[in-house]
Amino acid sequence: MNDAAAKYWWAAIARHQLLVQHCAGCDRYQHPPASTCRGCHAGARLEWQEHDGLAPVVSYTEVHSSTYPGFTVPYWLATLRIAEEAYLVSNLVDLRGRPHAGLLTRVRFIERGGRTIPVFAPVET
Ligand SMILES: [Zn+2]
């Protein structure tokens, strides 16, 4: 992750806002944030948009060994689609049973290891 873009993204997370970068040049979303668009390589056309926090699970794994502070194993880690070509890796919480591809989740902000992080919980249907 680019330092300045990553700092900006994490500062928004601390305010409980999920942001996603959008390129006005080629109409592409991207994550992780970067200083240039990975599609057209323009930097000046990148803008930040607030995400609605809804993200389907693309893939997942159960973590049985972790050194990440504040997490008790086992836990679920997932790749979530936050836009057409933008993916975020995060923790799944409050699952009833196993996750599955396509499970719709919503962002939630929690404090872990001294910082605010985004995690995702299933949307009640
Ligand atoms: Zn672009």
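Quick note: the coordinates plus some simple rules give every number you see, no bench work behind them. No experiment lies behind these values; they were computed from the predicted model shown. For neighbour counting, all protein chains shown are included, and Cβ atoms are generated from backbone atoms with ideal geometry for every residue, glycine included.
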What FRET efficiency do you get for residue 35 and residue 98 if R0 is 35 Å and r is their Cβ-Cβ distance, rounded to the nearest 0.05?
0.40
What fraction, in whole percent, of alpha-carbon pairs in the chain exceed 25 Å separation?
26
From DSSP H assignment alone, runs of 4+ in the chain each adding -39500 (n - 2.57), the sum over residues rounded to the nearest 500 puts [θ] at 222 nm at -3000 deg cm²/dmol
Segment 80-87 - phi-based ³J(HN,Hα) in whole Hz, Karplus 6.51/-1.76/1.60, Gly and Pro as x:
10, 8, 9, 6, 3, 10, 10, 10
Could you list which residues have their amide H under 5 Å from that of residue 42, counting only those 5 or more apart in sequence or on another chain, with H placed in the peptide plane?
37
Could you work out how far helix 3-14 tilts from the main Cα principal axis of the chain, as a 0 to 90 degree angle to the nearest 10?
50
Per the rule of 0.36 nm per residue minus the C-alpha distance, extending residue 106 to residue 85 adds in nm 5.7 nm
Work out from phi, with θ = phi - 60° and the Karplus expression 6.51 cos²θ - 1.76 cosθ + 1.60, the ³J(HN,Hα) of each residue of segment 100-106, listed in order in whole Hz, and give x for Gly and Pro.
8, 4, x, 4, 7, 10, 10
Most exposed first by the Cβ proxy, i.e. fewest other Cβ within 10 Å, how do 36, 105 rank?
36, 105
